[in-house]
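The values are calculated or read from the model by the stated rules, or taken from the named source; none is laboratory data. Note that the structure is a prediction, hence the values are computed from the model and not measured. As a convention, Cβ positions derive from the backbone with ideal geometry for all residues, glycine included, and neighbour counts pool all protein chains shown. These area figures cover heavy atoms from the full protein model, side chains too; ligands, DNA and RNA do not enter into them. Shrake-Rupley method; radii C 1.70, N 1.55, O 1.52, S 1.80 Å.
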Amino acid sequence: MKKLFTLLSVLTLVAGCDAPQRSRGLENFRDMNAIGGPTGGNTSGTSGWTDPGTTTGGTTAGTTSGTTSGVTSGTTGGTPSPGFETCSLSDKYQTPEIGPFGLCQSTSDETIFRLRFSMTSDRRTCLIPSYKDAGGSSTFIGQPQCTFTEANKILQGPVAKNRPGFENYPLNGVIVMKELLLPEYFQCMNGYLLWIEQACAVPPQGMPEFEKQRRMQYCGYWRQTCPYSYKTNPACAQEARNYMNQICTSFKSRFANSYLDIRLK
């Protein structure tokens, strides 16, 4: 298990060869509170996630419809469902914020997961489905799925493999972090695509005047140099990579112990 994923090598995997697909996938990730489905906007808790000990008659978790959007009560795992016959939910993983937890991916459906957390929390924990290549580089392939956690309650349900252009990538990893980190995580992951937009956003209050002036000069130069699709201009593309490198390095150094990048198969 590695606690850190190689953010710098993501540049090769994503920004280099898959920039057009990145662009098409952006809109699905604007709402960082979204769970449940590809369109987002559901903030009711754990829609699609159930306690497998309460399902009966062969109904699989995440397929029931209608009135319940939260997790049903109970702490038992119930009869093992297909794909989880050998699942162990021992405390294999942990971070200080999330605490120890166990996680299994179904062997019959790569989008179905089973989890057990050891800590109760009123701040949601999120799973981001990912693809990890042989070199350890990883990139997200679907929308974050977030849930409140209750100590020793077993949850089972789907993740959304819905990033356009990445539907055929194998789901062989998952990134686990608290919901509060999502905006900064996606600022890193979208750093290449949204370089000028992010770098030239409204400066934070308290920024020294000389920093504001330097930012204005920087933004004015690059906006004039890269008026359209900067990905076709080598100098602009390189500056976008430099920016993404900077943002991702900052994320990695600040939150090194706050998230896990887990390879599952």
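The table that follows gives values for the structure above.
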quantity	calculated
Hits in region 91-100 (condition: part of a loop (DSSP other than H, G, I, E, B) and either surrounded by 12 or more Cβ atoms within 10 Å (Cβ to Cβ) or among the basic types (Lys, Arg) (or both))	Asp91, Lys92, Glu97, Ile98
2 or more residues open to solvent by less than 30 Å² (accessible area, probe 1.4 Å): qualifying helices (runs of 4 or more DSSP H) within region 193-262	195-199, 234-254
Matching option when the condition is within 30 Å of Thr107 (Cα to Cα) and hydroxyl-bearing (Ser, Thr, Tyr), among Ser229, Ser138	Ser138
Given (1) under 17 Å from the mean Cα position of the chain (by Cα); (2) under 17 Å from Cys126 (Cα atoms), number of the condition Ala151 does not satisfy	(1)
Conditions (1) open to solvent by 40 Å² or more (accessible area, probe 1.4 Å); (2) part of a strand (DSSP E or B); number of the one not met by Ser88	(2)
